[in-house]
Amino acid sequence: MYNLLRQLPQMQTLLEAAHIGVLLQTYSRPEVTRALRSTLQALRGGVRSGHITSLPDFESKTFATSLVGSIEARRQPNMRSVINATGIIIHTNLGRARLAPEAIAAMQAVGANYSNIELDLNTGKRGSRYAHVEDLICDLTGADAALVVNNCAAAVLLSLMATAQGKKVIASRGELIEIGGAFRLPDVIEQSGAILKEVGSTNKTRASDYERAIDSETAVLLKSHTSNFRIVGFTSAPKREDLALLARNSNTILMEDLGSGVLIDLSAYGLRDEPVVSEILKSGVDLVMFSGDKLLGGPQSGIIAGRADLIGTLKSHPLCRAVRIDKLSLAALEATLRLYREPHNPVQSVPVLRAIAQTVGEVRARADWLADALIASGLEDVTVAKSAAYVGGGSLPQQDLESYAVSVSAPSYTADALVAALRSHEIPIIGLIRGDRFVMDARTLNDEDLPIVMHAFRGVRAR
Ligand SMILES: *Cc1c(COP(=O)(O)O)cnc(C)c1O
């Protein structure tokens, strides 16, 4: 071992080797040095642990070529586009909503240039960044006023902070959710400076439970979407109308943390039980909060819509500035909201909604095309089978969407090895493992994704 360690060359010697010297014509000295240093480090570690018992020929062309791989890899961006073949449309790990071309164009225009983000073009005076989307949101939800912040978690925090600090917030035990990423509603309430008063039980809470808990210290009655879970069986929750009446009579505020938040009725596509924002406001809820990048299909953002006096209070709260939306997201949000109005049809123009609304026939045709292409490329064991896709993003946890998936087994690859190889492609393909097969759900694939998937398979099999 000590012998091998002693044979490891000095950095300077390596840099003078002919094949490595050639690399310096293409790559900078620090890049080559860094690649050499990490290679030497790996070799040293391997020798010490006994995994490596012989050293490469440092003078060889092969060794120099191996350095190119690591230099090129370091030049690649860490954050890249991937192909979502998981069948989960709003996949938090994969960036949630894909944006419409109109939203991308708006970000491009506002990002590459100066913009009127806080300039009123009519008066030439300072304008409000919120004005660009407020009317659109009011128009689409029937709200009197609206405000947009960084994300829905910030929307909930700001709303509670501005209305309930030092006061009581009443919430049902059946709705005190954790949605992942350490967002636990009881903790958020505590962080806002409000005092949580839990009422009811896990499966049953009635309006009378809220009523009994209301006292002079109560500021807010809070409802929240249970997002990623459902309580089924012997359950009951109060009607919004009843809570709204209670709030009005007790001079408290009825708030609802909706999470996903849909602007249009999706029951025609088999998704029931997802209340539309305008219906919620109509039933008497004072403020609703929802995400811009879940079912709405826009950029990361949090929308608060409802009573004008409360929105005014929120806008003038010091925390509002700390959670404000950036110009790129705002531009993308405005463009996305416009796709809900004439002359557009959101179900065709907003990618999230299009993925939900496409017929199972379209999904199947895409799966068949991909399977045929994979077979034509030489893979023998490729099948198409029915599968279930999901909306994801904390919406509709137990409602699936009919779908079709392509299932592949490649010679000399285990399913795990195939998953890993496709994940390390230049544009990674993220699929699923079912039993001993690699599976790609066609509902989350675009037609434009298919050549990329084919390219990845060719690359994997050429190795
Ligand atoms: C997703 C979700 C949030 C958080 O939304 P972000 O936009 O991710 O901050 C809050 N509340 C509920 C009920 C959710 O489903």
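For this structure, a couple of remarks:
- Those lysines that a straight Cα-Cα span of less than 28 Å connects to LYS282, excepting residues fewer than 8 apart in one chain: LYS167, LYS168, LYS197, LYS204, LYS223, LYS239, LYS294, LYS315
- Of the two radii for the chain, the radius of gyration is 1.08 times the Kirkwood radius, both from the alpha carbons; that is the Rg over Rh value.
- With respect to the chain, whose longest principal axis is taken over its alpha-carbon atoms, helix 131-141 is tilted by about 70°.
- Paramagnetic label zone (point 7 Å from Cα along Cα-to-C-beta, ASP144; backbone N under 16 Å) in region 261-284: 281-284
- Computed with a 1.4 Å probe over protein heavy atoms only, the accessible surface of region 397-463 comes to 46 Å² per residue.
- Förster radius 56 Å - calculated FRET efficiency between TYR269 and GLN12, Cβ distance, rounded to 0.05: 0.25
- Under-5 Å amide H pairs with SER301, H placed in peptide plane, nonlocal only: CYS152, GLY292, ASP293
- Two-decimal ratio, region 158-308, of alpha-carbon radius of gyration to 2.2 N^0.38 Å: 1.00
- Here the extension length gained between TRP369 and ASN116 equals 86.5 nm, from 0.36 nm per residue of separation less the Cα-Cα distance.
- Legend: calculated FRET efficiency, GLU362 to ARG74, from the Cβ-Cβ distance at R0 = 41 Å, rounded to 0.05, equals 0.50.
- Averaging the Cα positions of each part gives two centres, and for region 102-167 and region 43-74 these lie 53 Å apart.
- Rounded accessible area per residue of region 101-345, 1.4 Å, Å²: 46 Å²
- Near ALA145, the amide H atoms lying under 5 Å from its own belong to GLY306, ALA308; only residues 5 or more places off or on other chains count, and H is placed 1.01 Å from N.
- Accessible area in square angstrom per residue, region 2-75, 1.4 angstrom probe: 64 Å²
- Each peptide among 382-392, 301-311 gets the average number of other Cβ atoms lying within 10 Å of its residues, and from highest to lowest they stand as 301-311, 382-392.
- Counting only Cα atoms, the size of region 187-264 along its three principal axes is 34, 28, 27 Å, in decreasing order.
- Extension gain for ALA42-LEU328 works out to 98.8 nm (0.36 nm per residue, less the C-alpha to C-alpha distance).
- Cα→Cβ-extended label distance, 7 Å offset, between SER412 and SER201, nm: 6.2 nm
- Per-residue packing, averaged as other Cβ atoms within 10 Å, sorts the ranges 17-28, 233-244, 400-411 into the order 400-411, 233-244, 17-28, beginning with the highest.
- q = 0.12, 0.20 Å⁻¹: log10 I(q)/I(0) that the Debye formula gives for region 2-75, counting C-alpha atoms only: -0.31, -0.83
- With 0.36 nm allotted per residue and the present C-alpha distance subtracted, the ARG230-ASP309 stretch has 25.1 nm of extension available.
- Counting protein heavy atoms only, the chain has 50 percent of its accessible area on carbon and sulfur, 1.4 angstrom probe.
- Packing around the peptides 265-278, 113-126, 341-354, taken as the average count of other Cβ atoms within 10 Å per residue, puts them in this order, highest first: 341-354, 265-278, 113-126.
- Cβ-derived FRET efficiency at R0 60 Å, ILE52 paired with ASP135, nearest 0.05: 0.35
The values are calculated or read from the model by the stated rules, or taken from the named source; none is laboratory data. Remember, predicted model here, so these are calculated numbers, not experimental data. As a convention, Cβ positions derive from the backbone with ideal geometry for all residues, glycine included, and neighbour counts pool all protein chains shown. The protein model used for the area step is the full one, side chains on, heavy atoms only, and it has no ligands, DNA or RNA in it. Shrake-Rupley method; radii C 1.70, N 1.55, O 1.52, S 1.80 Å.
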